[in-house]
Every structure is written in structure tokens, then in C-alpha cells.
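Report on the following structure.
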Amino acid sequence: MNKIYLSLAIHNHQPVGNFDFVFEEAYTKAYEPMIALLEKHPGVRLALHYSGPLRDWLKAHRPEFMRRVRSLVGRKQIEIMTGGYYEPVLTALPDADKIGQVQKMTAAIQTDFAYKPIGLWLAERVWEPQLPKSLREADIDYTIVDDTHFKNAGYTDNDLFGYYVTEEQGQPLNIFATSKQLRYALPWTPVEEVIQWLRDQADRPLLPGAPQRVAVMGDDGEKFGLWPTTYEHCWEGGWMDALFTALEQNSDWLITCPPAEVLDLIAPLGRVYLPVASYDEMGEWSLPAPLSREFAQVKERLQTEGRKDVLRFLRGGMWRSFMVKYPEVNSLHKRMLWASERVHRMKKAAARSEALDHLWASQCNCPYWHGVFGGVYLFHIREANYAHLIEAQNIADRASHPAETWIEVEQVDVDRDGHAEAVIASDAQWLMFSPGVGGALLEWDWRKRGVN
């Protein structure tokens, strides 16, 4: 019997500004049960990712949980993945912020777990071809994207049992593709069917000289307990315990192995260059509303007809289109870029570091798009990003205006629409008017309260 490696990566995240009771519920229903199950099943090995906002909450409210995770890392049962600290869409950031956010997360992981991560969880799997250079500069060896990315480049399911190497300007990066089959199977398909599917993949003949197969599944940890009905199914109903028991019982041919270790054991499948992509649903959501509905209807019809030959070539929009679809998203993004320029120009390192942390918190991805479980329409999430953005700009402006009270006016195209806005800034307020639309007031910050 052929062997197959199973590489699982579980991503855990709560956005900046989310309610404390949501953190608590997610911890109780998803995060803690997963660690307890891993402690019970030492033969199951996988990768975990905790975003910075969640890490901050865990350290403040559940320090004993962090010690338990550190113990699992110490016995090499789990690998910890890094990422942008505040879970930003990295492609939307200036390069200095991309690298800085990843380095902040990596340093936190080294402090918490005495472990240096080499793998990066890519927020919302938003990929653009220039990313490898920045990731390599942040000392990253691999990341995980959806199989959708590879299928858009002409690959099939059978091509994706392993990892590939890409590069940008000669900077190489390894890329795994998470299997849609496994993402949809875990945790909703009976465990015996999951094991049988993996056995079927292992039993397929290997070409001479081909590396052993690696099945990869990277997905949100919240679906194992926090999503509707999943706590009852995964934990009270015992689905997760049954899965981990089956993985241990079949370990003679089914080897659970974190992705970083796969890089040491298995050769790459080849070279790849991926197009701009995110996961499949993101392409649908980012289209203009009428086209989004039409696109969804076409997909549903083709699925009903079993037209996989056509579906694999069907692509939606790109993540950046949310900045066209929603003026609120574009405004937040361009204000963030405006603030980033000013923060990075600061001379004093201590003040700049403080401002950068607020700037990076304002880059948390959640209010920059919309989806089923959250997005720009959540007021408290938007409000939190703006509060950090305003504070970053406050710190930068205090550094450049030594007087207690001040005011300045400038004309500049802040929102990058080709028309200059009039910005009136003072120690108390920040206002942006648009002469191009009749002098309308587009942005108004009450700086002391951090309210936009």
C-alpha cells in the first residue's frame, strides 16, 4: 500500500474591535476544544495559526491556554504559522507594512512558543504575483492558497498533491494548495468516507521518480465549533474525536505532517506562476451586485448540469474590486495609505513604533470587503479600524507640529480618484472636502475621541 501525507493547517482569527463575548464564545466552542483534542491524540500532527488580535486576547484572558499550546509546540506535535499580525490583506499594503506586520507576528511567536515559523497564513488567500519577494524578505519559506488559484493557472485536482515553487525577481517561495474536497468534507462528511477518499488517493499509482503525495487542508478553525450547529456536531457528537482516532489508527499509511516538515521530507512537484486570485466565493462577492447574482446563477446551473469542464475556467472578480464596489472601503484604504506615508517619515523610533502599531491595527482586513460572516457592513469593526488609523495619524502629526494648537490646509488627491481634495487638518479635527462633487465633506475625524 502506498503512503500519503496529510498536512492540516487550522487558521484562528478574530478581528480588531470584535466584541469580547465573541472572543469568549469562539474560545469555548472552537479554540480550546481543538487543543484539548490534540493533547488527547499525540499521534495527530498539524499546523495552527493564531492572528495577532486573537493572540492578544488569549494572552490577556487565557494565559494557561498559551502555555498548553507552547507544550504542544515543544513536543513537535504542532507547527505555528505566522502571518500579518493584524490579519491584513497583504497585497493591499505598502511593502514596508507587509514586511513589518509579518516580522511583528514572527517575533511574537518566537516569544510565546520558542519557535521560529517559516510558513505564512495568507489572509483570505488573496494572492498577487508580486507577493513572493516581500514574503521572502520577511523570511517566509511557504504559504498556502486555495486549489482555485492553481486551477486558474491550468492545473487539475490530481496535480495538487504536494507543493510547487514560484518566484518574483528571483526570490523563491513554496506554495501548497488546500484541497476543496477536504475543505468541504471536514467536518461534514462521515469520517469513514474521509479516510476512504484519502486511501483512494494513496492507492493511485505514482509516476517513476514522483514524490509521495501530500493532501493539504487549510481552513478556518471557527468552522470546528463556532459556525452554526458545528459545536454539537464536532464536539458533543464526537466527529472530531472520531477523525483524530481514525488518523492514529491508519498511521501506517496515512501520515499527519505539518507543512514545514513536508518541505524537508518531500520534493516539490515543479514550478508554478499563479494569477491574481482568492478563494472561489470571493471572486463572486467582489463583482458588482447585478453581475454577482448573475455569476452565482451561472455557476449553480453549470454545477447542476455537472459541467466541471466549464466551471474550472469560470472566474469572478478580484479582491481589489471591493474598493470600487464600496466607496467606504476605498476611503478607508486610501486614508490608510495616507497615514502610512506620514508614519514612515517619522524620525523618532519610539514614537514611530507606537504609530506603526496603530497603523497596522487599522489594516485588519475585515472591514475592507464583505462576505457571509462579516465585512464592511459591521459598524463596530469599521469603527475600530478608523480609531487606530486616527491615532496613528495623531501621533505622526504631533511629531511634526510641536505647537499645542495648529491648523493647515492642503490640496491633494487623497482617495486617488484623479481629483484633488481639500484637506483641513488641525490639532482637533481632520476634514476632507471634495471640490469635484460640489465641495462635499467626505471625511470628518474628531481626533481626541478617535471617531470618524
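The values are calculated or read from the model by the stated rules, or taken from the named source; none is laboratory data. Please read these numbers as outputs of a predicted model, since none were measured by experiment. A quick note on method: Cβ atoms are made from the backbone with ideal geometry, for glycine too, and the neighbour counts reach across all protein chains shown. Just the protein is used for accessible areas: all its heavy atoms, side chains included, with ligands, DNA and RNA removed. Shrake-Rupley method; radii C 1.70, N 1.55, O 1.52, S 1.80 Å.
Some points to look at:
- For residue 76, the conditions (1) on the phi > 0 side of the Ramachandran plot; (2) in contact with a strand residue (DSSP E or B) (Cβ under 8 Å, 6 or more places away or on another chain) are fulfilled apart from (2).
Here's the yes/no breakdown for (1) in contact with a Lys or Arg (Cβ under 8 Å, 6 or more places away or on another chain); (2) surrounded by 14 or more Cβ atoms within 10 Å (Cβ to Cβ); (3) at positive phi:
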site	(1), (2), (3)
345	no, no, no
422	no, yes, no
431	no, yes, no
434	no, yes, no
438	no, no, yes
449	no, no, no
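- Listed by first and then second residue, the pairs with beta-carbon distance under 7 Å, at least 6 apart or on different chains, first residue in the range 304-320 and in a loop (DSSP other than H, G, I, E, B), second among the small types (Gly, Ala, Ser), are 315/283; 316/283; 316/286; 317/283; 317/286; 318/286.
This table checks each residue for (1) open to solvent by 50 Å² or more (accessible area, probe 1.4 Å); (2) under 27 Å from residue 165 (Cα atoms).
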{"residue": "256", "(1), (2)": "no, yes"}
{"residue": "266", "(1), (2)": "no, yes"}
{"residue": "271", "(1), (2)": "yes, yes"}
{"residue": "278", "(1), (2)": "no, yes"}
{"residue": "288", "(1), (2)": "yes, no"}
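- Pick from the range 349-381, criterion among the charged types (D, E, K, R) and closer than 22 Å to residue 55 by Cβ, ranking: least open to solvent (accessible area, probe 1.4 Å): 357
- Here the condition is being farther than 27 Å from residue 247 by Cα and of a type in the set (Asp, Glu); of 147, 139, it holds for 139 alone.
- In the range 196-221, residue surrounded by the most Cβ atoms within 10 Å (Cβ to Cβ) [restricted to those that are touching a Phe, Trp or Tyr at 6+ places or on another chain (Cβ under 8 Å) and closer than 25 Å to residue 51 by Cα]: 218
- Subset of the range 375-390 (residues that are part of a helix (DSSP H, G or I) and out of contact with any Gly (no Cβ under 6 Å at 6 or more places or on another chain)): 379, 382, 383, 385, 386, 388, 389
- Considering residues of the range 92-112 that are among the polar types (S, T, N, Q) and open to solvent by 50 Å² or more (accessible area, probe 1.4 Å) only, the residue farthest from the chain's Cα centre (by Cα): 111
- Unique match (being more than 25 Å from residue 417 (Cα to Cα), out of contact with any Asp or Glu (no Cβ under 8 Å at 6 or more places or on another chain) and in a helix (DSSP H, G or I)) among 350, 339: 350
- Scope the range 93-118; condition in a helix (DSSP H, G or I) and of a type in the set (Phe, Trp, Tyr); matching residues: 113
- Selection count where residues are crowded, with 21+ Cβ neighbours inside 10 Å and over 21 Å from residue 186 (Cα atoms), scope the range 18-41: 1
- Criterion (closer than 21 Å to residue 312 by Cβ, at pLDDT 95 or above and within 28 Å of the chain's Cα centre (by Cα)) met by exactly one of 198, 182: 182
- Leading residue by the ranking (most open to solvent (accessible area, probe 1.4 Å)) among those in the range 42-70 that are without any contact (Cβ under 8 Å) to a residue 12 or more places away in the chain and of a type in the set (D, E, K, R): 67
- The set of residues from the range 391-411 being open to solvent by less than 40 Å² (accessible area, probe 1.4 Å) and either in contact with a Gly (Cβ under 9 Å, 6 or more places away or on another chain) or closer than 8 Å to residue 355 by Cα (or both) comprises 392, 393, 394, 395, 396.
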